[in-house]
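Asker: Before anything else, here's the structure in question.
Nothing in this text is a laboratory measurement; each read-out follows from the coordinates by a stated rule. Computed from a predicted model, the values in this text were never measured in an experiment. With ideal geometry, Cβ positions are generated from the backbone for all residues, glycine too; neighbour counts draw on all protein chains shown.
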Amino acid sequence: MSHLSAYSLAILLHLVAAMVLVGASVSSVYVRRAILEATSIGALRAWLGFAHRSSTANPVAALALLGTGIYLGSRGWWTHAWFYVALASWLANSVLAARVLKPAGAAMGAAMAGVPDAAPVDGRVDALRRSPGWRVAGALMLASDMAMLYVMVLKPSLIESLAVVAGGMIIGGGITLLRARPSGAALEAPARPPRYNGDRDDERAAAGA
């Protein structure tokens with residue numbers, strides 16, 4: 001086996017960490033779809049558990065990406081503007097994961113506490129899983145990860161780096177937000193059944209109404 005220099009090892013670890021995070025972002029698209037399509041509390045609970053287990057390596061990968069990035073920056077990358085765009089994208093993804101995705105999953109888990117697996121997904125649980133916030137956050141993170149791969153490989157100018165990252169996040173987040181908005185029919189309040197009125201309903205029953 002050939003000798004690996006510290007720089008080569010940092011590059012390798014940096015790429016591995018990036019692959020873990022990008023893979024998690026891509027797979028999360030299908031996990032979120034499964035969460036939205038779950039028809040029972042048991043199925044929803046299972047998919048939320050899978051999402052939690054499959055993301056356990058993300059914090060470690062994110063720290064590895066940051067640490068190796070700082071080291072590589074000290075070897076010359078700090079002189080390039082794209083490096084700071086990639087760093088800003090890393091910070092944005094960390095905030096979205098900690099402040100939006102994790103609380104959203106915890107809120108759904110708390111809302112399902114004590115609910116039987118066979119129960120349908122409705123009420124507050126259904127409202128939480130259809131909230132645009134966590135769906136848009138996931139789309140923003142995926143767009144940011146794809147843009148960071150472009151920036152890391154091609155090392156473009158500052159303007160191009162900003163355009164790729166911002167453009168990807170705006171397009172990905174905007175499309176997801178439009179798809180997450182409820183339709184006009186969903187916005188209409190369901191008709192409530194008339195309340196029981198003893199005197200009125202008894203009189204109607206007696207009259208054969």
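Asker: Go through the residues of region 95-114 one by one and say whether even a single one is without any contact (Cβ under 8 Å) to a residue 12 or more places away in the chain, under 20 Å from Ala147 (Cα atoms) and not small (Gly, Ala, Ser).
Answerer: The answer is yes, given that some residue of region 95-114 is without any contact (Cβ under 8 Å) to a residue 12 or more places away in the chain, under 20 Å from Ala147 (Cα atoms) and not small (Gly, Ala, Ser).
Asker: Which one is surrounded by the most Cβ atoms within 10 Å (Cβ to Cβ), of the residues in region 91-136 that are more than 30 Å from Ala64 (Cβ to Cβ) and of a type in the set (D, E, K, R)?
Answerer: Arg129
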